[in-house]
Each structure stands twice: as C-alpha cells, then as structure tokens.
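The values are calculated or read from the model by the stated rules, or taken from the named source; none is laboratory data. Model, not experiment: these values are computed from the prediction. A quick note on method: Cβ atoms are made from the backbone with ideal geometry, for glycine too, and the neighbour counts reach across all protein chains shown. To get the accessible areas, we keep the full protein, side chains included, count just its heavy atoms, and leave off ligands, DNA and RNA. Shrake-Rupley method; radii C 1.70, N 1.55, O 1.52, S 1.80 Å.
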Amino acid sequence: AKERGRSNVQFYDASMTAVAAERLFMKTMLAQALARGQFFLHYQPLVEAATGRPVGVEALLRWRCDELGLVSPAKFIPVTEETGLILPIGRWVLDTACRQARAWQEAGHPPVEIAVNLSPRQLRDPSLVDHVRSVLADTGLDPALLVLEITEGLLIEDMALSRRVLTALKGLGIRLALDDFGTGYSSLSYLNCLPFDILKMDGSFTRSLSDAEGDNAGGQAIARAIIALAGSLNMVLVAEGVETAEQRDWLTRNGCDLLQGYLLGRPADAQAVTQTLRALERE
Ligand code: C2E
Ligand code: CA
Ligand code: CA
Ligand code: CA
C-alpha cells in the first residue's frame with residue numbers, strides 16, 4: 001500500500017507539473033497572439049422569445065494558437081487576466097465587435113445589438129470608459145446597440161469602484177448585462193446596488209428545467225423566481241444555454257424575454273451569422 005501511495009503521489013506531481021507547464025507555455029504564446037493575428041470572434045444570436053426574431057449577437061473570443069490549436073476561452077482568459085494581457089485583448093475585442101456591428105448595419109440589416117464580454121479586471125482599468133467612448137465615436141455605432149456583459153466575480157470586492165465605473169459606462173448610453181446570473185455568491189445584492197439593464201440567467205438553470213425523469217419541479221420553480229425577479233426590477237431576462245424546443249417553449253410560456261443557445265444558433269464567424277440572422281429575420 002505504501003508503494004502504491006508513493007506512486008500515486010508521483011503521478012499527481014507529474015500531472016501538476018504538466019498543468020503548470022501548459023499554463024506557462026500558454027502565457028508565452030498569448031503574449032504574441034495579438035500581434036500574430038491569432039484572435040478572432042464568433043457571434044451567437046440572441047432571439048426574442050415571443051417572436052423568434054433576432055435582436056442581437058454576443059461576441060465570443062476565439063484563439064487559434066499554432067502550437068496548441070483552438071483553445072477554449074474558459075481556459076485562456078483566466079491566464080490573460082493573471083498577466084494583464086486581458087486589457088489589450090479586451091480592447092481588441094470591443095473594437096472588432098463594434099466594427100462588425102456597424103458593418104452589418106451598413107449592409108442593410110436591421111440594427112442588431114452587439115454584446116461584448118468584459119472581464120472584471122477591465123473594470124479596474126482607468127482608461128476603460130474613455131476607450132469605450134472612443135470606440136463608439138470611431139465606429140459611429142449607436143451606443144444603444146452596445147451591451148457590455150459582466151460576470152459577477154469581482155464586483156463585490158470593490159463595490160464603490162464597480163458602481164462608479166458602471167455608472168460612467170451607462171452615461172455613454174450603452175447597456176449593461178449581469179452575466180451568468182445565479183452562479184456566483186452575493187449576486188442578489190448586485191441587483192440593488194449596480195445599474196444593470198439585463199439579467200443573463202446561467203445555462204445551468206435552463207438545463208435543470210428537466211431531468212432524466214422529465215419535468216423537474218424544483219428547477220422550474222427556481223427559473224420562475226429568476227424570471228419574476230428580473231420582471232419586477234424592470235430588467236430584460238435572457239435565458240442562456242437553450243438547447244431543446246422544450247426548454248424554449250417553457251421559457252417563452254413563463255415570460256422569459258430573450259433566448260440564447262445552440263437551438264437558436266451556435267457561435268459562428270461573422271459570415272455564417274449573417275446567414276443565420278437573415279434566416280431568423282424571415283421566419
Ligand atoms: P459566457 O459569456 O457565459 O458565454 C456563453 C458560453 O456558452 C460560450 O462559451 C458559448 O459558446 C456557450 N454556449 C452558448 N450556447 C450554448 C448552449 O446551448 N449549450 C452550451 N452547453 N453552451 C452554450 P465560450 O464561447 O466557450 O466562452 C466561454 C466563456 O469565456 C464565456 O462565457 C465568457 O465568460 C468568456 N469569454 C468569451 N469571450 C470573451 C471575451 O471576449 N472577453 C472576456 N472577458 N470573456 C470572454
Ligand atoms: Ca457572456
Ligand atoms: Ca453567460
Ligand atoms: Ca460563463
């Protein structure tokens with residue numbers, strides 16, 4: 001048993017080293033990724049539940065590394081937050097997404113909202129508000145079409161700063177979405193203290209509407225409560241992770257405003273999303 005214990009420890013150590021080595025390698029590669037043009041954006045439609053019409057898209061960052069291939073943002077974004085690289089990368093995302101939204105408008109599409117994810121780290125960047133203002137000015141994008149999505153995480157750490165920055169952003173005429181709602185801690189206190197317009201109910205709640213036995217009463221009760229909360233606070237409620245027609249129908253019946261998920265459209269490049277938008281507009 002002792003022998004086995006020891007070899008387990010060795011195995012564990014070896015795998016820890018591999019993870020650490022991969023992170024270090026990623027750090028090095030990420031430092032050059034912007035200059036090498038390895039980032040690109042995918043866009044995923046958000047549709048109005050009641051009508052099925054697309055109202056906008058969320059921009060999702062993609063990284064194709066020569067050595068690692070396509071790396072998930074869930075994996076590489078935390079690394080960029082650690083190194084501070086998220087600041088130039090985040091500015092690139094905002095720039096690119098706003099230019100794309102403007103291009104869609106110029107090509108004669110009905111105006112689509114563009115939602116861009118903001119890392120909590122970016123909120124602590126003193127130049128954030130100025131940058132958003134200048135991107136809006138440079139692209140000529142209507143501020144009403146820009147939504148910034150923020151995940152709960154670090155907001156609470158400095159509530160005064162968060163409120164100051166979010167209020168300044170709102171002053172530009174853009175809207176703010178609280179992302180992954182329901183997954184973090186203290187999320188309810190944000191609603192009262194911070195100027196969010198949109199609540200994005202995390203995909204885990206959509207998934208728990210049903211389970212192996214069919215309807216899941218507990219999951220449905222929680223989703224209903226979140227939808228009611230958004231309604232009574234005059235916030236737009238987006239359900240994330242909608243994958244089945246049953247989920248779509250339940251969410252629509254129960255007063256959810258917007259839907260997002262593979263059922264309505266997978267994240268895809270601008271060209272493919274243009275087709276999806278066209279198809280959804282016609283439906
Ligand atoms: P998120 O903001 O919650 O984005 C939604 C994620 O759910 C995306 O994963 C999307 O591809 C995925 N998704 C959409 N519909 C479905 C569905 O029906 N089922 C399932 N299972 N998943 C669905 P993705 O693109 O891998 O992004 C992961 C996370 O990385 C994002 O979560 C966001 O937190 C972060 N992220 C992505 N792009 C950016 C960015 O430009 N800046 C920052 N700061 N974070 C980003
Ligand atoms: Ca998001
Ligand atoms: Ca989310
Ligand atoms: Ca998420």
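A few points about this structure:
- Averaging the sequence gap over all C-alpha pairs within less than 8 Å and six or more residues apart, then dividing by the number of residues, gives the chain a relative contact order of 19 percent.
- Probing with 1.4 Å while keeping every protein chain in the model, the per residue accessible area of the range 149-274 equals 46 Å².
- Charge dipole magnitude, Cβ of K and R +1, D and E -1 - the chain, Cα centre, debye nearest 20: 460
- When the surface is traced with a 1.4 Å probe over the full set of protein chains, residue 235 keeps roughly 20 Å² accessible.
- When the Cα positions of 41, 203, 88 are compared along the charge dipole of the chain, 88 comes out farthest toward the positive end, with charges on each C-beta of Lys, Arg, Asp and Glu.
- Built amide H within the under 5 Å cut-off of residue 117, gap 5+: 59, 149
- With all projection directions averaged, the alpha carbon convex hull of the range 60-153 covers 6.9 nm².
- Surface composition of the chain: carbon plus sulfur atoms hold 54% of the accessible area, using a 1.4 angstrom probe and ignoring ligands, DNA and RNA.
- Taking chymotrypsin sites (Phe, Trp or Tyr not before Pro) across the range 92-193, the ones in a DSSP loop with at most 15 further Cβ atoms lying within 10 angstrom of their Cβ are 185.
- Between the range 26-59 and the range 163-188, the alpha-carbon center distance in angstrom: 19
- 26 Å tail of the calculated P(r), the chain, as % of Cα pairs: 49
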